[in-house]
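Visitor: Take a look at this one; I'll ask things after.
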Amino acid sequence: MQYFTEQASSHREAIDVVKSKYGEQAQILTHRMVRAGGILGLFQREFVEVSGYLKPRSAPVRPAAASSLEEEKRRILELVKPASPSAQRPAAKAPGGGEQETAAKPDDRGYEKILAELRDLRTAVASTREAAPESEEHTNIARVDELLAANDFSEAYRRQIVARLRRDFTLEALGDWDGVQDRVLEWIGDSIETWREGPAAPGQKPRILALVGPTGVGKTTSIAKLAAIFKVGMGGEKPRSVRLVTIDNYRIGARQQIETYGEIMEVPVSSVETVDELRKTLAFHADADLILVDTIGKSPRDAVKLAEVQRFVSACGPRAEVHLALSATTKASDMAEIMRQFEPFAYRAVVLTKLDETDRIGNAVSALAEKGKALSYLTTGQRVPQDIERASPLRLLMRLEGFSPDRPRLERRYQGEGKAPTAEGEVP
């Protein structure tokens, strides 16, 4: 087996040198920075040195010179030229006794021959077309891409990260894995937008928050958790007077479930079946600080039922905050489709549920970033009210597998975002 070592002033130039010298057979194994040149050890320059081997040819490549292809083209063009005068059709008699020439026209056998020649030419061109050699990717760029894929980030999201690495990092900087992953984690964290309620204007009371989403994502449990933390004032929240309203009278046991939560937390619960009842109930509770509305869980593909839910949500008024509940166990493509189907609800943020049921969060980060949506809350279990917290980039970054996050660095960057309420009202 033949080995090689080449030097150049940059990684890209080194790859080009190898490809130009050894062609497709070249397989690069290692690259490193070396210093060379200068006088008596002074004024040395840095070079990139790449080493590798030449893999044996698996089969001989059929030569097809460019001149042969040109010859084929000329031959085909000759076939379609007008035939010689002697081969032309007999001249037709022109009015007045003269003759008029008719244009030569190949017969059917001539056309078949032309088509056959064109097919042969196309085959020859295809056999000589060589695939462009793929440029060798830096080891740490490939490593980042593999980790992103393992964490279920979408292909589009991964391409953006890889493109930024190629653009923003020098070859020497790419060799520092800790520096690379620190920057990548910051890019991921910065792509996670978190939602915060704005200050209420004087006289704007009550605040209405409606939770929508597909079936089975845990909307009712999430509503109960929110009612608890706002009623008690956990995690630094100011205690408020809270009311619960449910329009989920279709699911078996749904009404009993929310009423049970209400009794335990001493939060009044109202159940409505029509849009008019909802409007009257909201008006009746106008003295409350916060009204939480639990909606019907419907498939995002059921347009008729979604329209029904939307009528209820619209009845909450233009100031109502609509949040979309999504399960963290949903794959990225389905998550993006659900978000698209619920766009008519004009939801302001996403509540990510069931975070305890998966070790992968790239699907959610990718879908949110690509749709430009913010995260409001995260739920991490069934316990009420403990298993809920405000969304935080830090919380999600610490769940990434394969990376080694510098937590103090990330805490400084995302300080104060998404502190998680606990049963004792402390922040872990």
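Visitor: Just to be sure before I move on: is Glu389 out of contact with any Asp or Glu (no Cβ under 8 Å at 6 or more places or on another chain), farther than 22 Å from Ile161 by Cβ, among the acidic types (Asp, Glu) and not in a loop (DSSP other than H, G, I, E, B) in the structure I sent?
Guide: When the stated conditions are applied, Glu389 passes them.
Visitor: Where residues in segment 37-54 are modelled with pLDDT under 75 and touching a Lys or Arg at 6+ places or on another chain (Cβ under 6 Å), which of them is surrounded by the most Cβ atoms within 10 Å (Cβ to Cβ)?
Guide: Among residues in segment 37-54 that are modelled with pLDDT under 75 and touching a Lys or Arg at 6+ places or on another chain (Cβ under 6 Å), the one surrounded by the most Cβ atoms within 10 Å (Cβ to Cβ) is Gln44.
Visitor: Go through segment 203-227 and give me each residue that's in a helix (DSSP H, G or I), within 21 Å of Leu282 (Cβ to Cβ) and either free of Cβ contacts under 8 Å to residues at least 12 places away in the same chain or not polar (S, T, N, Q) (or both).
Guide: Lys219, Ile223, Ala224, Leu226, Ala227, listed by residue number.
Visitor: Kindly indicate whether Ser314 is exposed (fewer than 14 other Cβ atoms within 10 Å of the Cβ), under 34 Å from the mean Cα position of the chain (by Cα) and polar (S, T, N, Q).
Guide: no
Visitor: Now a separate question. Do you know which residues across segment 323-363 are in contact with a strand residue (DSSP E or B) (Cβ under 6 Å, 6 or more places away or on another chain) and basic (Lys, Arg)?
Guide: Within segment 323-363, Arg348, Lys354 meet the criteria.
Visitor: Pairs under 8 Å by beta carbon, first residue more than 15 Å from Glu46 (Cβ to Cβ) in segment 9-27, partner among the β-branched types (Val, Ile, Thr) and assigned to a helix (DSSP H, G or I), six or more apart or different chains?
Guide: As it stands, the answer is Ala26/Val18, since those pairs meet every condition given.
Visitor: Taking the condition within 26 Å of Glu370 (Cα to Cα) and either modelled with pLDDT of 90 or more or not β-branched (Val, Ile, Thr) (or both), does Leu148 pass? Show your work before the answer.
Guide: On the way: within 26 Å of Glu370 (Cα to Cα): yes; either modelled with pLDDT of 90 or more or not β-branched (Val, Ile, Thr) (or both): yes.
Answer is yes for this residue.
Visitor: If I filter segment 362-391 down to residues being free of Cβ contacts under 8 Å to residues at least 60 places away in the same chain and either in contact with a helix residue (DSSP H, G or I) (Cβ under 6 Å, 6 or more places away or on another chain) or crowded, with 23+ Cβ neighbours inside 10 Å (or both), which single residue comes out as nearest to Met265 (Cα to Cα)?
Guide: Gly381
Visitor: How many residues does segment 342-358 hold that are surrounded by fewer than 18 Cβ atoms within 10 Å (Cβ to Cβ) and at negative phi?
Guide: Kept after step one, since they are surrounded by fewer than 18 Cβ atoms within 10 Å (Cβ to Cβ), are these residues of segment 342-358: 343-344, 346, 348, 356-358.
With the extra rule that they be at negative phi, the set shrinks to 343-344, 348, 356-358.
Here the count works out to 6.
Visitor: Within 28 Å of Gly233 (Cβ to Cβ), at pLDDT 90 or above and under 20 Å from the mean Cα position of the chain (by Cα): which single residue out of Leu400, Leu394 fits that description?
Guide: After ruling out the rest, the residue left standing is Leu394.
Visitor: Something else about it: Return the residues of segment 146-157 that are over 16 Å from Glu186 (Cβ atoms) and either part of a helix (DSSP H, G or I) or among the acidic types (Asp, Glu) (or both); say none if nothing qualifies.
Guide: The answer is Glu146, Ala149, Ala150, Asp152, Glu155, Ala156.
Visitor: Among all residue pairs at least 6 apart or on different chains, which show Cβ distances below 8 Å where the first residue, located in segment 310-325, is in the same structural domain as Asp289 (by TED's automatic domain parsing) and free of Cβ contacts under 8 Å to residues at least 60 places away in the same chain and the second is surrounded by fewer than 17 Cβ atoms within 10 Å (Cβ to Cβ) and in a helix (DSSP H, G or I)?
Guide: Partner pairs satisfying both residue conditions: Gln310/Pro344; Arg311/Val275; Ala315/Val275; Ala315/Arg279.
Visitor: Identify the single condition in (1) under 22 Å from Val272 (Cα atoms); (2) crowded, with 19+ Cβ neighbours inside 10 Å that Ala307 does not satisfy, given that it satisfies every other one.
Guide: The one condition Ala307 does not meet is (2).
Visitor: Looking for whichever is at pLDDT below 90 and crowded, with 20+ Cβ neighbours inside 10 Å here; the options are Ile223, Ile247, Ile264. Which one fits?
Guide: Sole residue among the options that is at pLDDT below 90 and crowded, with 20+ Cβ neighbours inside 10 Å: Ile247.
Visitor: Do we have Glu273 as surrounded by 22 or more Cβ atoms within 10 Å (Cβ to Cβ) and not aromatic (Phe, Trp, Tyr) here?
Guide: So Glu273 does not fit the description; no.
Visitor: Still on this structure: For segment 326-341: of the residues being at pLDDT below 90 and closer than 25 Å to Asp387 by Cα, which is surrounded by the fewest Cβ atoms within 10 Å (Cβ to Cβ)?
Guide: Lys331
The values are calculated or read from the model by the stated rules, or taken from the named source; none is laboratory data. All figures in this text were calculated on a predicted structure; none of them were measured in a lab. Counting neighbours? That spans all protein chains shown, and the Cβs are built from the backbone with ideal geometry, glycine included.
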